[in-house]
Each structure stands twice: as C-alpha cells, then as structure tokens.
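Data first, discussion second: the structure below is written as structure tokens.
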Amino acid sequence: MSVDEPTEDAPEAYGDLLDQYRQISYLNDASGVLGWDQQVMMPEGGTPARAKQLSALSSVTHDLMTKDEFADALTAAEDAVDDFDEGQRASVREIRRDYDRTADVPRELIEELAETTTESQQIWQDAKADDDFEMFAPRLEKLKDLSNRRANHISPDQPSYEVLYEDSEPYLPLERTEEIFDRLKSELVPLIDEITEHGDELASPFAGGEYPEENQQALSEAALDLIGYDRDHGRLDASAHPFTSGNQFDARVTTRFKPDDPIDALTATIHEYGHASYMLGLSKENYGTPLGSSLSSGVHESQSRFWENHLGRTKPFWEFFLPTAKEHLDGIDDVTVQEAYEAVNRIYPNNRIRVEADELTYHLHIILRCEIDRAYVEGDLDVEEIPEVWNQKMGEYLGVTPDTDAEGCLQDIHWTSRFAGFQGYTIGSVLAAQLDAAMRKDVSDVDDKIRNGNFQPMRDWMNENVHAHGQKYPTDELAEEATGEPLTADYFLDYVNQKFTDLYGL
C-alpha cells in the first residue's frame, strides 16, 4: 500500500504541499525512534551524542519548513483551498498551524532546545535516583527559559504558558480546560471524602506478595496478546517511565515493574496499549500528513484511559483475565473475580505517586501539577520553591506529604520535554467516559464481549469514530462526530459516581 495514494487525484497545489510536508513528518518520526531508543535501549553514556543527533534533526526539519519553497507551496494551497475537499482543507489548516508555530522561531533556539531536552532526560533520571532536586533544578531553569523564549517568538502578545499549552491541546481553550478542572475538583473531593469516611473496606489480594519481574513481564505480554496488540507493528519494553512511541506502522509501548505490585505494571501496559491502538488506527494511506496524525494529547489520553479504565478495570474484564493472571503470578490461586475487581479499583488518597493513583485521586495529582507548572512558567514560583510548594499542595489536596523529592516533584519525566502538558491526562479521562457511553449505545452487549475476550468491536468503533479522522476535526467537533455533542464532563462524573458508590456501598 502506497502512502502517497491520496495525493494522486488531489489538486496540484495540495499535492505539492504534501510532498514537502511529508519529508518533515518522516524526519520527526526518525527523531521519535531515537528518543525511544534513548529511554529503552541506549547505554547511559550515549547521551552526549544523542543530544547532538536530535539537535541536528530538529535543525533540518526547521530549515525544511521555513524555506521559501515551503512557504510558497502553503500559500498556493491556501489560494486554491476552495477546490479542496473537507479533509484536504483540514490538512492545509493544520500545516498552516505548524508553519506559524515554526517560522518565527530561530533555528539556533530550536537546536538548543532539542539538545537541552535530550540531555535533561538523563539528568532527571540521575536526580530522581539520587533524590537530589538541586541536581535537576539548573536544568529545569534552562528548559523554562528556552521554552518561554520559543513561546515569545511564536506569539509575543500571548501569555507564554498559553502558547505552550497549545502545543499539545490546540483546540480546547485553556479557560475551558480550567472550567472542567474546577468542576472535577468540586465534585471529586466530596466523593473521595465520603468513600474515606463511610465506604466499605475493599479487598487487596495482591498486597504483601513478591512478584518477580519476569513473571510480570510475561503477564503484560499475555494481556497485550489477549487484547489484540499487533505484534507485527509493535513491541513491549521496560522504561523508567511508561510511554508509547511511533506511528501507524510502528507503535511501541513500554511499562515498568514494581516487585510488590503486579497491578501497577499491568494497568500501565493496558494504558499504553490504548495509545498504541490510536496510532495503529490512523490512516496508513495518509501517513506523514495531518490526516494520518493524532489530534491532541487529550484525545490521545482518551484512548489510553478508555482501555485502562473502561475495559481493564471492569468486572467483566477480570472475569475474562483472572485465569491468565493466575497462570503468571504465584500466590493468587484463591483470588476471586470480585476481589480482583475491588483491588484494581481501590482508591488511595494517601498515595504519593501519580502513575500509581486510582481513578479518582489521579485528577488531584494532575490539578496540582498544572497549578505548579503554570506558576513556575509565569514567574510566580522560583525553582527552589517547587519542592516545598509541591509538598504543601499534596497535603492540601490528598492529605499526604512525600517523604522525598524522588516521590514528590521529581517523580515525572514530563518537564524534561515540555511545560503545560499535564492537562491532557484529565481531558482524556473526561473524553474517554463520553466516548464509552456513546460506544455502548452503538455496540451491543459490550460487557459480554469483554467477558468473552472479544475486544475487536470496541477497537473497530474507536477506529471508525476517532482514529480514522486524524486531525480532520478540532476537539469539540471530533467529540460531536463521535458522540453527538461537544466535550462535556457530565459523562465522567456520572460514571465515577455510579461506579464508586456501588463499589464502596455508599
């Protein structure tokens, strides 16, 4: 199958623009492979060379997008846009957006930011291992300075935090996201308090055991095979922080293992599979173009949260999957489906770690990060104040204070690559619930299908209603195409209220 097919019958101006844009996309994907390798396979000593390699690639892609020939092709396509179909017009819109966020940023700044980002990942990993925030702080300051400078070049009259936020969430205004956050904060905190004070005690059958990494690895591999991960186009590895990297031809997932908690790796693996399912569901014919690319971090997270929470944490899933878990994990032969279901849905308000957080308190972790992130980028918080403010907010929102910076402000890798990016996790959870509700109207007997290990109908629904559109629709329009209404928090709040009220006997 040729990835060039869609332009063969397209207007000439559109084809000329895509021919150039594809080359930029291919180079960006090559950078992604180098980034994956750095976090998974590369020896620690390779960082200096990798930083130079990624800096060079960023320079080449910047030059390709800012050269006169590209600007001329973009202008010609915009002049002929009335002759284009809806998808072609959307592609031009997205390419224009990319161009406007690149053209005025100096190449030297792009190179320095790419090199600094690459170097910072190893520094962060070392600082976390040594519980030494002071080791990471100077690098965090440099990243903030470079990111703010880039934002000022892109849109000098706009607050830099908003500009950086639009890197990952271009079509959902920051004000709208904050309204959703305020609503979740006001409704989740009372629910969490009610559970803590009056909820039943849930089972914890996996606690207290020791689960070798090789057994957990085999369990995660089995889960991916049963769900339907395409091994011809993906692989599973371990990394310091779980992530997914790739495209519709090559979507790789990673996880991490805790000796005393096999559910952590399992849910992380299913979560990352959700990201991979989005990538693998994108149009292969449109690879390298906006119609073959994911829309935003929030939409991406909707796919990972859908698979993790709306499938992997359901009782029907554990009716199906528990026998497999018992094959790979020692000491759980007597665990029942109900006990496993309760265990994967327990809330832990005193948990300090975001990636281990339950479905409710998770969003307080996100809100905390967004507040610190914004205050720091906008200059209202000094770098040396971050650990103290982090701990204060943990105490305020979750009633627990980290014992170390490694389990506090150093726990996430995200600041090594970008600022203003945490919002997507909560937006994704909200959208996932809305998509799940719509899917269950279209697909019959979803729970029965999960119970029998038939995941293809759910994957097909997501492929048709989300993945196949690429960047054709802005966020609200995509939500409306898929569910019949723009993004709303109603479905998420209805879902968690019903689920956790039932679970905890409230």
Please find, among ILE386, ILE353, ILE366, ILE372, the residue that is surrounded by 14 or more Cβ atoms within 10 Å (Cβ to Cβ) and in contact with a Cys (Cβ under 7 Å, 6 or more places away or on another chain).
-> ILE386
Top-ranked residue of segment 372-428 - restricted to ones that are small (Gly, Ala, Ser) and out of contact with any helix residue (DSSP H, G or I) (no Cβ under 7 Å at 6 or more places or on another chain), ranked as modelled with the lowest pLDDT = GLY399
Matching residues, segment 275-306, being surrounded by 24 or more Cβ atoms within 10 Å (Cβ to Cβ), part of a loop (DSSP other than H, G, I, E, B) and basic (Lys, Arg) | none
Scope segment 381-417; condition among the polar types (S, T, N, Q) and either under 30 Å from GLN38 (Cβ atoms) or not in a helix (DSSP H, G or I) (or both); matching residues = THR401, THR404, GLN411, THR416, SER417
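For segment 273-293, check the following and say yes or no: at least one residue is more than 26 Å from HIS469 (Cα to Cα) and in contact (Cβ under 8 Å) with a residue 60 or more places away in the chain. Give the derivation first.
In the first step, residues of segment 273-293 are kept if they are more than 26 Å from HIS469 (Cα to Cα); the result is none.
Checking segment 273-293: not a single residue is more than 26 Å from HIS469 (Cα to Cα) and in contact (Cβ under 8 Å) with a residue 60 or more places away in the chain.
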Within segment 88-123, residues hydrophobic (A, V, I, L, M, F, W, C) and under 17 Å from THR61 (Cβ atoms) come out as ILE95, ALA103, VAL105, LEU109, ILE110, LEU113, ALA114
Taking the residues in segment 246-274 that are in a helix (DSSP H, G or I) and among the β-branched types (Val, Ile, Thr) as candidates, determine which candidate is surrounded by the most Cβ atoms within 10 Å (Cβ to Cβ).
-> THR269
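With respect to GLN88, is the statement that it is touching a His at 6+ places or on another chain (Cβ under 9 Å), in a helix (DSSP H, G or I) and surrounded by 18 or more Cβ atoms within 10 Å (Cβ to Cβ) true? Can you show your working first?
Values: touching a His at 6+ places or on another chain (Cβ under 9 Å): no; in a helix (DSSP H, G or I): yes; surrounded by 18 or more Cβ atoms within 10 Å (Cβ to Cβ): yes.
For GLN88, the condition - touching a His at 6+ places or on another chain (Cβ under 9 Å), in a helix (DSSP H, G or I) and surrounded by 18 or more Cβ atoms within 10 Å (Cβ to Cβ) - is not met.
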Per the filter on segment 151-183, residues crowded, with 19+ Cβ neighbours inside 10 Å, free of Cβ contacts under 8 Å to residues at least 60 places away in the same chain and among the small types (Gly, Ala, Ser) are ALA151
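If the requirement is being over 23 Å from the mean Cα position of the chain (by Cα) and surrounded by 15 or more Cβ atoms within 10 Å (Cβ to Cβ), which of these qualifies: ARG139, ARG101, ARG97?
Working: ARG101 fails: over 23 Å from the mean Cα position of the chain (by Cα); ARG97 fails: over 23 Å from the mean Cα position of the chain (by Cα).
Testing whether each residue is over 23 Å from the mean Cα position of the chain (by Cα) and surrounded by 15 or more Cβ atoms within 10 Å (Cβ to Cβ) leaves just ARG139.
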Pairs only if they're at least six apart or on different chains, beta carbon under 8 angstrom, first in segment 387-406 and in the same structural domain as ILE347 (by TED's automatic domain parsing), second hydroxyl-bearing (Ser, Thr, Tyr) and assigned to a loop (DSSP other than H, G, I, E, B); list them, first residue then second.
-> ASN391/THR401; MET394/THR401; GLY395/THR401; LEU398/THR361
Residues in segment 472-488: is at least one of a type in the set (A, V, I, L, M, F, W, C), in a loop (DSSP other than H, G, I, E, B) and touching a residue at least 60 places away in the same chain (Cβ under 8 Å)?
-> yes
Could you count how many residues in segment 39-63 are loosely packed, with under 13 Cβ neighbours inside 10 Å, free of Cβ contacts under 8 Å to residues at least 12 places away in the same chain and assigned to a helix (DSSP H, G or I)?
-> 2
Checked segment 307-333 for anything assigned to a loop (DSSP other than H, G, I, E, B) and either small (Gly, Ala, Ser) or in contact (Cβ under 8 Å) with a residue 12 or more places away in the chain (or both); matches are GLY312, ARG313, THR314, LEU329, ASP330, GLY331, ILE332
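Kindly indicate which of GLY288, GLY292, GLY246 is on the phi < 0 side of the Ramachandran plot and among the small types (Gly, Ala, Ser).
Details: GLY288 fails: on the phi < 0 side of the Ramachandran plot; GLY246 fails: on the phi < 0 side of the Ramachandran plot.
Among GLY288, GLY292, GLY246, only GLY292 is on the phi < 0 side of the Ramachandran plot and among the small types (Gly, Ala, Ser).
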What residue, of ALA489, ALA437, ALA433, is more than 17 Å from SER304 (Cα to Cα), surrounded by 16 or more Cβ atoms within 10 Å (Cβ to Cβ), assigned by TED's automatic domain parsing to the domain that holds ARG354 and of a type in the set (Gly, Ala, Ser)?
-> ALA489
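The values are calculated or read from the model by the stated rules, or taken from the named source; none is laboratory data. These numbers come from a predicted model, not from an experiment. Heads up, the Cβs are rebuilt from the backbone with ideal geometry, glycines too, and the neighbour counts pull from every protein chain shown.
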